[in-house]
Amino acid sequence: ILRRMKPEFKLGVVSNWYGNLDAIIAEAGMDRIFDAVIDSTRARSFKPDPAIFRAALKALGTEASETAMVGDSISKDLIPAHRIGMRTVFMRSAGSALQPVQSRDDTEGNFTADFAINSLTEVPGIQW
């Protein structure tokens, strides 16, 4: 699905990782898919710190308002991305199937993701 999305979207990875995420992605043969790989150890910022998302925006060369964060953690992925103006897509996983798309954000009240999906295959069909 990522290869099919590549011509239409700039793609990036933002992860709390150990400093070698780019090598892991290259070993998996996926380095040509991603326009940006933001590894928290290298970025010296860990999710949910908004700085890691700003680093991704800079690497992608996009504005927050034209960028979406697809994540499976409302508190670590979606709320901080939303706070800096990104659109948010909650990707449900087996462990989060019952987790609500709406969550409490202590600084802004209630938070609701812009979209919710069960699989990355749904991203191209989202009406942005």
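Need a quick list: strands (runs of 3 or more DSSP E) entirely within the stretch 42-128 having at least 3 residues that are modelled with pLDDT of 95 or more.
Hits in the stretch 42-128: 68-71, 87-91.
For residue 72, state whether it is under 19 Å from residue 120 (Cα atoms), open to solvent by less than 60 Å² (accessible area, probe 1.4 Å), among the charged types (D, E, K, R) and in contact (Cβ under 8 Å) with a residue 12 or more places away in the chain. Write out each step before concluding.
Values: under 19 Å from residue 120 (Cα atoms): yes; open to solvent by less than 60 Å² (accessible area, probe 1.4 Å): no; among the charged types (D, E, K, R): yes; in contact (Cβ under 8 Å) with a residue 12 or more places away in the chain: yes.
When the stated conditions are applied, residue 72 does not pass them.
Name the pairs: first residue in the stretch 2-20 and open to solvent by 80 Å² or more (accessible area, probe 1.4 Å), second residue part of a loop (DSSP other than H, G, I, E, B), Cβ to Cβ under 6 Å, at least 6 apart or on different chains?
10/35
Does residue 22 satisfy the criteria of being acidic (Asp, Glu) and under 24 Å from residue 121 (Cα atoms)?
Yes, satisfied.
What about residue 59, is it in contact (Cβ under 8 Å) with a residue 60 or more places away in the chain and in contact with an Asp or Glu (Cβ under 8 Å, 6 or more places away or on another chain)?
No; evaluated as a whole, the condition is false for this residue.
Looking at the stretch 112-128, which of its residues are of a type in the set (Val, Ile, Thr) and open to solvent by 50 Å² or more (accessible area, probe 1.4 Å)?
If we filter the stretch 112-128 for residues that are of a type in the set (Val, Ile, Thr), which is where we start, we get 112, 117, 121, 123, 126.
Those that are of a type in the set (Val, Ile, Thr) and open to solvent by 50 Å² or more (accessible area, probe 1.4 Å): 112, 121.
Exactly one of (1) open to solvent by 40 Å² or more (accessible area, probe 1.4 Å); (2) part of a helix (DSSP H, G or I); (3) free of Cβ contacts under 8 Å to residues at least 24 places away in the same chain; (4) of a type outside the set (Ser, Thr, Tyr) is unmet by residue 31. Its number?
(2)
The values are calculated or read from the model by the stated rules, or taken from the named source; none is laboratory data. Just so we're clear, the structure is a prediction, and the values are computed from it rather than from any experiment. Positions of Cβ are backbone-derived with ideal geometry, glycine not excepted, and every protein chain shown enters the neighbour counts. Each accessible area value is taken on the protein alone, full model and side chains, heavy atoms only, with ligands, DNA and RNA left out. Shrake-Rupley method; radii C 1.70, N 1.55, O 1.52, S 1.80 Å.
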